[in-house]
Structures are given as structure tokens and as C-alpha cells.
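Asker: Handing you this structure, nothing more for now.
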Number of protein chains: 2
Amino acid sequence: MGNAVVLMNQDVGVEDGAAFTSQSRFPHDVTVSVVVSLGQRAIRYLSKRRQERISLIGDQLCREGFDLVLLQEIWSERDYSDLKAKLGGSCPFSHYFRSGLCVFSKFPILDTLLYQYSLNGYPYMLQHGDWFCGKSAGLVVVRIAEITVNIYVTHLHAEYSRDKDAYLPHRVVQAWELAQFIRHTAKAADVVLLGGDLNMHPGDVGIRLLRSWVGLQDAFTEAQHFEGCEDGCTLIPNNCFTVKSELQSFPLGIRIDYILYKAVSSFTVECEELRTTTGTVPGLDIPYSDHEAVTAVLCIQRRRQTASVTIDAAMPALVEVLSEARTEVYVGLLAARRQRYSSGRMAVLAMLLLLLQVVGVLGGVAAGQPFPALSVSLLAFLALAILLFAAGLHLFHSIEVKMLQGTEEQMEMAMRGLQEQPLRH
Amino acid sequence: MGNAVVLMNQDVGVEDGAAFTSQSRFPHDVTVSVVVSLGQRAIRYLSKRRQERISLIGDQLCREGFDLVLLQEIWSERDYSDLKAKLGGSCPFSHYFRSGLCVFSKFPILDTLLYQYSLNGYPYMLQHGDWFCGKSAGLVVVRIAEITVNIYVTHLHAEYSRDKDAYLPHRVVQAWELAQFIRHTAKAADVVLLGGDLNMHPGDVGIRLLRSWVGLQDAFTEAQHFEGCEDGCTLIPNNCFTVKSELQSFPLGIRIDYILYKAVSSFTVECEELRTTTGTVPGLDIPYSDHEAVTAVLCIQRRRQTASVTIDAAMPALVEVLSEARTEVYVGLLAARRQRYSSGRMAVLAMLLLLLQVVGVLGGVAAGQPFPALSVSLLAFLALAILLFAAGLHLFHSIEVKMLQGTEEQMEMAMRGLQEQPLRH
């Protein structure tokens, strides 16, 4: 649900020292403004007033002249092309990942990579539909001045019910895979920027995993100046696309769209300003999206001396987060095993029913009894349909079990590794 | 088809200078022997004499005392556990990726990551079954002495017909994604090692892509000493599991299992020795696997001075390879678009048939005519089944089109990038 926009205003070698920092500026200091989340929900033919909203978003993004724009849920190639045409002036470089993710950039895009999460809900949950959207994480490498910035954009599985969240294990697996993907691909980057609809509350285990295991900082908590919805919420009751029942326990709304960042090598990143939009488009009755947009101004500076970033102090907390995540995955594993078993049983029963019919028909024909052709054919078709469905389900849940098991083992290995040597970000 | 084993004999700080090098050895010189490909085809319940062969493989690997073992097509958790128990002495560390890939290592495994290819054949090609195996690339990071080695193990889509290779675009996409995955994740590695069943002939565009775009070297062509099947073939007619018709044009067999490597930073890698197995297990009538195993001895040395590895000279060749790969992807894109169109048309026709029946039945009932219940029901069921099947197919091919388009664009971006600045490995 919803999606994110990251917008950056870059100002290389700024003369006017920003008030927030007393550090002297180096030749490659970069002041960047970043924004996240301008919900889209633009499933073609389905979303309400999609084209109008896409156009509004394009106009707004163009007006503000951001340096980086990260969008999700742009399902239609035409929407991407429309946005590209509108943003061409401020962001001549762009990449469309075709899993709904796209990035517009003022800076040249050097390279890209798409990572597909191994789990993403269930195909038979048609009313939720996340499975069909193919959730993934996109990486875009840009160079700002001489700084290599790895930009990650993603969209995790939605949470449809806080109390009975059947998708929690999948979302934790996605958060883990995202964290691992960032850790492995960001080793040569100076700055890491992650923006997107993470579909998690700020205190959820997946967010804590991203913060502690990857070392990402939350632009909202780090911001020196904030303006927008209370608590930085991006899914708010005011939005006409919001399903009100989802927010019953959260009258203010929920913050589920994030800008997270980290400076890897000899750089620092500070968040000067964070903003969210606050409802409908000025002068119109519709909001840009089902989520509020998040914007941040980030300042990237060269560090005067490379500091050690080993965070031994946070070690026990990290082990705790990993252990909690592992428990969630394990809970999911038990559920997946149950479903694998029951779908297998259903397939066997359907096969028995088919066999029984064959025997019955053959027996009846041999005894010269009348043949109830209609009911037998209908029943056989039904049994066959159930058999195919159950077999497909069994295969699906077998893969799910494997993936959950694999993730659990990887987390265990990470915990073991932590006990042997401290983490280096 | 088939799988790979990489086995390394490590000898840190060897005293006895190997004959092949006249360079003086540094404290962290490492002599490594590497092997690739000990076919498995161990699909549970299906493969011939699976358990016996797993046991033979385990014994053989244990006897030779390799340092690194890379296997594919280990589909059953139990087989992995059996191998783990047998190899525990020489390779105490291991990781099972649950997509058939596993790695056994003498050296501690620091981290792992699994990358799933976006395309992998078609689910309805049941006789080939690659789709269900979920092809992917596994990354295992190990530290040998003070050298960080990124080990990649993978298994690409099989080629069932050389002349009419319907899977070529998918395999090229996989090779491209593998190359990109390695490039993005190996930036902090000293040595990169890729082993596996790539299902490509040595001159195929995918292999050339991996060599030129990632900068990998082929252990077979670099080896100072070779022993085994002619031309290093790993799929040979002698093997009783080989489908003879596949090798009609290649009487010697095909080399489809590879050990590729590259030294990233201030290291060099040389292949001292390469070997393949040559048929059946001594004293028995079955081979270890459907592919011959490949073994290499690699020598990793610290470079006395860091050399520049920008390969401007190879630039035109690289652009050519990229352009060729892009053409293959484009051919696949056209085919996928055709299939998307025809499956969509089939779905529409099935829906029309259903509608027609409803109208016919309602009309018949209104006119008080007799109702041919059996044939109408059967036909309705058939139309419904076709509708569901065609809709699923349409969705599948729509995703395929998107992925092929995305890959084509990425390749185009890479080519544009190359024209602007030279490639740095």
C-alpha cells in the first residue's frame, strides 16, 4: 500500500553555511534535501482517478524541483513515461524497475540492480493482491559530485490487520533480505539512502533490524526541523483513500514511509529538514496519493577524520533484535508447515475421490446399472479442480517452508557471527 | 542439468615454491585448489539411484579433502545433511541455500546472500521443470587467511535444444543478472570465485558477458596443467545419465560447468591445475553424477604493486558482447509479447463461450425447451478451465515482458555508460 518519493535538493560546495552545523565545509560538501512517500496506488483501471493524480504528482514534483524522486506502485509504463516527461527538466536521469518502483535523479545513474524478495504473501489472497505485484528492492547508483550514493527504493508487503497479521513473517523476511542486500551491495558506496513504503511501524522488528543490522539512521528522528503530520505519519485518517478500519487503534495515523540513510566511509549525513504533506492537494478534493509524501533535506559532508564505526556498545541490542526477528520467522515457519500439510492432505483426498468415482463408474457399467452421467461428470471435474488447486498450494507452501527455514538459518548464522566478532558497518 | 563442486586445497604461507611461479611469496600467499562440477540431478524420488550417488560423492569429497565444495541440485535437505556429516572433517563450515545450491568450506563463512533470477523458463513446460527448481545465485563470503573471498554458486536454465533454444533469452537474462549481482556485491572482496553449471558453451554470449563485463577468467583456459575429458567437457556421451540426442552435434561432449575467478584489489589468482572426472566411479557401473566434476588448484598471491586493471583495450569487444546479449533479449521480448497476446485472446474467447452458454441456457429455459444438462455443464467447466489457464498464462507472460524489457534497458544503459567512461573492474 502506498509508495514513496525521495526528493533531494543538491547544492554542491554551498557558500552559505547552514545554521545547523558549525563544521567548516570541505570542497565536496553536499546539501541534499530528501523526501519520502507520495502514495500512488495507481493500479491501472482500478485506482480512483489515477491519471489525474499522476498528473498532479508530476506537476508538484516539477514545481518543487527535487533532486531525487523515489516512487513505488507505478504499475503502468505510461504513467512512468508521463512522469518522466514532466520531470525531465529537473531530473533528466531516471530508471523504471517495472515492479512498480522508479527513481528520478538530477545526477547521472551509473548502475542499477533489482532484488526480488523470496516471499511476498499468497497468490490465493486475491483481495490483497500483494503477491501479484512482485515486491522487490531496486538499487540505483548515482554519483553526486565525487560521492557515490547507493539509493535503494522498496515496498514491503502490506499489513492488513495489526492484531492478526498473517504477513508478518513474510515482511520480516523481506526486511532481512533488504538489509542483507544493502549490506552486500553498499560496500563501495559513500552514502546509502533507503526510501520507501516499508509498511512497518517505527518500533517494529523489521525497522529495528534495518537500523541496527545495517546501521541506517531514521531521517524523522534525526531531523533538526520537522513540519507535517503529527509524529510524521504518512498513513492518516484524513486521506480519503485510507481504509478507516485499519487506523482504529491509531487515531493520528501511522508512519510507514521512511527515509533512512547512512554514511559509509569518510562522510557524514545529517538531516536538516523533514516534511510530510498533510492531506488534499491545495484547491482540490483529492490527495496526491493514499500516503502522505515525505521530504528530507540532507547534508552530506566529508568527515575531517575517519571515525571508527564499530558499534560494540549496541551489540546486545542487535542480538536481541535478530533473535526477535528469528522468532517471527519461526512462527511463520510453523504456520507454513501446517498449510503445506493440509494442502497435501486435500490433494490426497481429491485423488481418492477421483479414484472412487472411476471404480464406481466401472463397477456400475459392469453390472449394467444406469449411469448418472451429469452428476458423475460434475463431481469428477470438481475433484480434478480441487486436486490441481491443492497440488499447486502444496508446492507453494513447500517453497515457503524452504525460504523461511533458509532465512532462519541465516539469522542464526548472523547471531553466531556477532558473538565471535563485533559488527563493522 | 548437472551441478558443480568447487574444491579448494588451501595452504597458507607455503614453503615449497610451486614450479609455475617465479614470484617470491608474501606472507599471505595462498595456494588453493578449486574444482567445479560433480553433477547431481538428485531430485528426490525421481533421480536414478540418488542415495547411492550422494553417498559416493560424499566419500569421494571426503577422501580428496577439498577446501571448498560447491554443489547444485541438492534438492533434499536429507542429502545435504548426509553430505554435511561426511564432509564435517575437512569442511566444518557449510551453507544450504534451499534452491538446490550448497557450499562446504574449510574456512569460516562470514555471510551469505541468495539472489533469485527474475526469469527461469515456463511453469507449463512440465517436462523440463526448470521453473519449479527456482534458479538462483548464492553468495558465500569466506575469509582465507586475511583474504576476503566472495564465492558464487549458481545453476542457469538448461538448454534442451541447441537449434531451437526457446530458453536462450531467459538464460541471457540470468547471465546478465548474475554478472550484475557479482559486480555489485564483490566490491569489498579481494577474490571472486564463481562455480557452477552455467549450461552454456564456452563461446556463448552469456559466458562472454561474464568474462568481459565482470572481468572473470576461465580456469580452464588459464590452467597451467590440465587433466580430464577432452576440451574440459563436463557433459559427455560416456555418462549413462546423458541424453544422447542432446550431444548429436558434439561427439566429444560440451563444457557447461565452469570455474571462473578474478582478483579484485591487490591480489592475483592463477590456476595451477584443472581436472575433470572421466566417467564412472572406479569399480562401479554408475558415474557420480550426470556431469563430470571439475577441480582446480588456484594460487592466490598478494601483488607486489597494485596494477591498473582498467581494460580500455577490450572496450569495443565488450560493447559488442552487450549488444549481442541485448539482441537475444529483444528476440525473447518479441516472443513473450506474442505469447502474451495469444493467451489474452484465448481468455477472451473462453469468456465469450461462457457468456454464449449462459445466454443459450437462459433462452432455452425461457422458451420451455429441453435442457441438455450434461453437455452444457461439461462445456461450461471446460470454458472455465480454459479461462483460468489463459488468464494465468497472460499474467505470467506480462511479467515476462516486463522483465525482458527491464533487462534490455539495463543493457542499453550499460552500453551508454561504457561510451562515456571506461569500465573499471
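Asker: Answer yes if at least one residue in the range A:204-214 is farther than 30 Å from residue A:266 by Cβ, assigned by TED's automatic domain parsing to the domain that holds residue A:262 and without any contact (Cβ under 8 Å) to a residue 60 or more places away in the chain, and no otherwise.
Answerer: Looking for residues that are farther than 30 Å from residue A:266 by Cβ, assigned by TED's automatic domain parsing to the domain that holds residue A:262 and without any contact (Cβ under 8 Å) to a residue 60 or more places away in the chain, one finds at least one in the range A:204-214, hence yes.
Asker: Report, by residue number, each residue of the range A:238-263 that is more than 11 Å from residue A:292 (Cα to Cα), at pLDDT 80 or above and of a type outside the set (Ser, Thr, Tyr).
Answerer: Across the range A:238-263, the qualifying residues are A:250, A:251, A:252, A:259, A:260, A:262, A:263.
Asker: Now, a different point. Being touching a Pro at 6+ places or on another chain (Cβ under 9 Å), assigned by TED's automatic domain parsing to the domain that holds residue B:235 and open to solvent by 30 Å² or more (accessible area, probe 1.4 Å), is that true of even one residue in the range B:57-72?
Answerer: No; the residues of the range B:57-72 include none that is touching a Pro at 6+ places or on another chain (Cβ under 9 Å), assigned by TED's automatic domain parsing to the domain that holds residue B:235 and open to solvent by 30 Å² or more (accessible area, probe 1.4 Å).
Asker: Sort out which residues of the range B:393-402 are more than 7 Å from chain A (Cβ to nearest Cβ) and closer than 14 Å to residue B:169 by Cα, and write them in order of number.
Answerer: Residues satisfying the conditions are B:397, B:400, B:401.
Asker: Open to solvent by 10 Å² or more (accessible area, probe 1.4 Å) and not in a loop (DSSP other than H, G, I, E, B), is that true of residue A:110?
Answerer: yes
Asker: Does any residue of the range A:290-303 turn out to be more than 30 Å from residue A:267 (Cβ to Cβ), outside any helix (DSSP H, G or I) and of a type outside the set (A, V, I, L, M)?
Answerer: There is at least one residue in the range A:290-303 that is more than 30 Å from residue A:267 (Cβ to Cβ), outside any helix (DSSP H, G or I) and of a type outside the set (A, V, I, L, M).
Asker: Looking at A:366, A:380, which one is more than 30 Å from residue A:177 (Cβ to Cβ) and in contact with a helix residue (DSSP H, G or I) (Cβ under 7 Å, 6 or more places away or on another chain)?
Answerer: Going through A:366, A:380 in turn, the sole match is A:380.
Asker: Output the number of the condition that residue B:102 fails; it satisfies all remaining conditions of (1) open to solvent by 10 Å² or more (accessible area, probe 1.4 Å); (2) under 30 Å from residue B:172 (Cβ atoms); (3) in contact with a Ser or Thr (Cβ under 7 Å, 6 or more places away or on another chain); (4) without any contact (Cβ under 8 Å) to a residue 60 or more places away in the chain.
Answerer: (1)
Asker: Among the residues of the range B:373-392, write down those that are open to solvent by less than 60 Å² (accessible area, probe 1.4 Å), more than 9 Å from chain A (Cβ to nearest Cβ) and under 11 Å from residue B:357 (Cα atoms).
Answerer: B:376, B:380, B:383
Asker: Whether any residue in the range A:410-421 is more than 11 Å from every other protein chain (Cβ to nearest Cβ), within 30 Å of residue B:382 (Cβ to Cβ), of a type outside the set (A, V, I, L, M) and open to solvent by 60 Å² or more (accessible area, probe 1.4 Å) is what I want to check.
Answerer: no
Asker: Scanning for something within 14 Å of chain A (Cβ to nearest Cβ), crowded, with 17+ Cβ neighbours inside 10 Å and under 30 Å from residue A:131 (Cα atoms), does the range B:338-357 turn up at least one residue?
Answerer: Checked the range B:338-357: at least one residue is within 14 Å of chain A (Cβ to nearest Cβ), crowded, with 17+ Cβ neighbours inside 10 Å and under 30 Å from residue A:131 (Cα atoms).
Asker: Scan the range A:223-230 and give yes if some residue there is at positive phi, over 18 Å from the mean Cα position of the chain (by Cα) and open to solvent by less than 70 Å² (accessible area, probe 1.4 Å), otherwise no.
Answerer: yes
Asker: Starting from residues that are open to solvent by 60 Å² or more (accessible area, probe 1.4 Å) and outside any helix (DSSP H, G or I), keep the ones in the range B:305-325 and report whichever is modelled with the lowest pLDDT.
Answerer: It comes out as B:311.
The values are calculated or read from the model by the stated rules, or taken from the named source; none is laboratory data. On a predicted model such as this, the values are computed, not experimentally measured, just so you know. Note that each Cβ is placed from the backbone with ideal geometry, even for glycine, and that neighbours are counted across all protein chains shown. The accessibility values were calculated without ligands, DNA or RNA, using every heavy atom of the protein model including side chains. Shrake-Rupley method; radii C 1.70, N 1.55, O 1.52, S 1.80 Å.
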